Amino acid sequence: MKAPILSTLFGKQDVAAPPDIEAATLRSDRFRLEREQDWARLEDILARIEKGRLRGISDDDVLALPTLYRTAASSLAVARETSLDAATLAYLDSLVQRAWFQVYGPREGFFAWMRRFLGGGLSRSIREIWLDSCIALFVMIAGTITGWLLVMRDQEWYYSLVPTQFADSRMPGASRETLLRTLEVEESAAGMSAFAAYLFQNNAGVSILAFALGFAFGVPTLLLLVHNMAVLGALLWLYWDAGLLWPFVAWLGVHGTTELFAILLAGAAGLHIGRKMAFPGTRGIMAAAAEAGQRGAQVMVGVVLMLVFAAILEAFPRQLAGTETRFILGSFMLVFWLVYFYAFRRDRDIAPESVRA
Amino acid sequence: MNTASASLRDAHQARRRREVVTPEGIALPFHVASRSARAGALMIDFLLLLVVSITVSIVIRNMTQGAFDAGEPENSTGAAEFLYVLGTLFWFLLWNGYFIALEMGPRGATLGKRMLGIRVASHDGGRLTAEAVLARNLLRDIELFLPLTILLLGLIFAAAGEDFGWSLWSATIWFLIFMLFPFFNRDALRAGDLIAGTWVVDAPKAKLAAALSTEGAARGGSSTVTGAEYRFSEEELAVYGEYELQTLERVLRDDRPEAMEAVHEAICRKIGWNPGAGDERAFLEAFYAQLRARLEGGMRFGKRKKDKFDASG
């Protein structure tokens, strides 16, 4: 028993006939009909932005978006006080919310973000977690020494510390020649890129774990760091015992300086979150955790990039170059990261946006 | 009538309602996404990722097999290695990048979230930054992927008759702690949301419904079917408030004859009219328009009548 006028007059949006404002008996409906075309235009622009079709939007529309948003927002404020039309109010709520997300949404694309990130954002975040980096460094050194001392006292520890994948030929009592062979230069690069891909995936997993476990006040992060470094300590002892400490360090250092640095930063980022949650300072725990988490996330993107470097270094130069080259390469990478993170500062990024423009 | 379930839904909706004040000074209502919607979205995303990654893995395996079948061994190991690298990187990028890339986009939602009409937003009402999206998704690894992997492995080992008991239990407990996390805070935050300062809210896309007062009997008060004119007196309109008005609006927009008959009868009984038959919609439209005119008139003078029990109107 629906009146026919209902479905024809406003049923379809593309019939852009001006609404019959005089026909509305209610003042609030007249208010709505007068503004409805602006709302439809805003909705249309929003739909295109949300679909990512930015090129389809004319300059006029882009310029009109903030104005249309403010119009819709003030319509909503008025409608809340004068109208009891629940459907219109719900529509305006949703429209203003969608517009708000776009007007106050992130304004930079992926590449702009990446440029800002590599050109100072990453270094700044890493400098901001210096205290946690120091703690992580201390814990890692302590873990290495622990591993060394444990295995030196009792070689049984070696088997419980070092995972079986490393303990193939590298075990206490192995001859110097056997150990030397594990450090040898490979003759061809065959199979190396697959190895690099595997290493990257594995290390990225461990780093993300170290970061994410910081959530439990940082304690599991510390344990993870200690455990990983104890393995290193045990291996160091093994090669030292066979008189091969120097070649082993060079062999490890090629990628190790990059990789261990990355793991240090991942652990520091996790610790940072844990520390900020345990001691939020004057702000609420939520605000502190969010700030620390976002800083940590930046560091983690840097960590993943470092691990890509590390995996490439580990697969190719390490297996294909001699001891001196390995050592030089490892030191060079360490210096490179230190300079990039701690000495590379750009005032441009610290200055507020208005100064930049 | 399903008014009981409707009011229950309203109560549930009201409990999830939060307000964010925009820079224009307007309090925008947000509704915290329901936990079931989020679980559903996650399952859709998960299934999608599984299907895509398994398909790609099978294709890569077949290609590797093909590389070995075709001719010289040196070339084919190189090709196989390249495919392995490709597969590993693809796997990593897909499972870590899918959520991040889609949530950084203008809609702030993965495909699953879009389907269920929810999105990620910044908890403090500010911008949703790239860093926040990264942080909330890095935590997903320990919340979900890691314990799930251990659980799956554990079940496979258990099925093979091996003892995997201890880690199976710890993985289950781990999984439960993070899965239950959203149930122990008001805004249904998961651990990743807490770290990133985000939350997941409803992103409704309401269509603008027709203006009810321009149509049918609401316009002049007379029915197009019978020509009868409905006029209600001040006392007759005074029995109902805003809650009843909105229920009536819903009935008119749904346009279901049996619901309209029931409401028509209820109103007639309340105001002491003799319920007729056959012209319910016109009656209700006229009643709606006149009740709304009365209540909105009161609003302009600062008088609001919440519902029929409210004596102030």
How about the range A:85-150: which helices (runs of 4 or more DSSP H) wholly inside it have at least 1 residues that are buried (at least 21 other Cβ atoms within 10 Å of the Cβ) and among the small types (Gly, Ala, Ser)? A:86-103, A:122-128
Anything in the range B:263-281 that is closer than 16 Å to B:Leu237 by Cα and of a type in the set (Gly, Ala, Ser)? List them, or say none. B:Ala266, B:Gly272
Going through the range B:105-122 in order, the residues found to be surrounded by fewer than 24 Cβ atoms within 10 Å (Cβ to Cβ), modelled with pLDDT under 85 and farther than 20 Å from B:Leu93 by Cβ are B:Pro106, B:Arg107
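Does B:Thr77 satisfy the criteria of being at pLDDT below 75 and in a helix (DSSP H, G or I)?
Numbers: at pLDDT below 75: yes; in a helix (DSSP H, G or I): yes.
Yes; evaluated as a whole, the condition is true for this residue.
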For residues that are surrounded by fewer than 13 Cβ atoms within 10 Å (Cβ to Cβ) and in a helix (DSSP H, G or I), scanning just the range A:327-346, find the one that is modelled with the lowest pLDDT. A:Ala343
A:Ser75 being touching a residue at least 40 places away in the same chain (Cβ under 8 Å), within 7 Å of chain B (Cβ to nearest Cβ) and not charged (D, E, K, R): no
Is it true that A:Gly218 is within 14 Å of another protein chain (Cβ to nearest Cβ), over 21 Å from A:Gly121 (Cβ atoms) and buried (at least 24 other Cβ atoms within 10 Å of the Cβ)? yes
Name the single residue that is surrounded by the most Cβ atoms within 10 Å (Cβ to Cβ) among those in the range A:25-42 being among the aliphatic types (A, V, I, L, M), at the interface with chain B (Cβ under 9 Å from one of its Cβ atoms) and part of a helix (DSSP H, G or I). A:Leu33
Mind checking which pairs have a first residue in the range B:56-69 that is assigned by TED's automatic domain parsing to the domain that holds B:Ala80 and a second that is assigned to a helix (DSSP H, G or I) and of a type in the set (Gly, Ala, Ser), Cβ under 6 Å, 6 or more apart or different chains? B:Ile60/B:Gly87; B:Thr64/B:Ala80; B:Ala67/B:Ser76; B:Ala67/B:Ala79; B:Ala67/B:Ala80; B:Phe68/B:Ser76
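With respect to B:Met260, is the statement that it is touching a helix residue (DSSP H, G or I) at 6+ places or on another chain (Cβ under 9 Å), surrounded by 17 or more Cβ atoms within 10 Å (Cβ to Cβ) and farther than 22 Å from A:Thr25 by Cα true? Before you say what the answer is, go through the steps one by one.
Working: touching a helix residue (DSSP H, G or I) at 6+ places or on another chain (Cβ under 9 Å): yes; surrounded by 17 or more Cβ atoms within 10 Å (Cβ to Cβ): yes; farther than 22 Å from A:Thr25 by Cα: yes.
Yes, satisfied.
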Selection from the range B:111-128 of residues that are more than 15 Å from B:Asp202 (Cβ to Cβ) and more than 8 Å from chain A (Cβ to nearest Cβ): B:Leu111, B:Ser122, B:Gly125
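Only one of A:Leu89, A:Leu63, A:Leu84, A:Leu68 is over 22 Å from the mean Cα position of the chain (by Cα), of a type outside the set (Lys, Arg) and at the interface with chain B (Cβ under 9 Å from one of its Cβ atoms). Can you tell me which?
Criteria check complete, one pass: A:Leu84.
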Among the numbered criteria (1) within 30 Å of A:Ala288 (Cβ to Cβ); (2) out of contact with any Phe, Trp or Tyr (no Cβ under 8 Å at 6 or more places or on another chain), which one does B:Val32 miss? (2)
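Would you mind finding the one in B:Ala171, B:Ala135 that is facing chain A (nearest Cβ under 10 Å), surrounded by 13 or more Cβ atoms within 10 Å (Cβ to Cβ), in contact (Cβ under 8 Å) with a residue 24 or more places away in the chain and among the aliphatic types (A, V, I, L, M)?
Only one candidate passes the filter, namely B:Ala135.
The values are calculated or read from the model by the stated rules, or taken from the named source; none is laboratory data. Everything numeric here is computed off the predicted structure, so don't read it as measured data. No Cβ is skipped: glycine too gets one built from the backbone with ideal geometry, and neighbour counts run over all protein chains shown.
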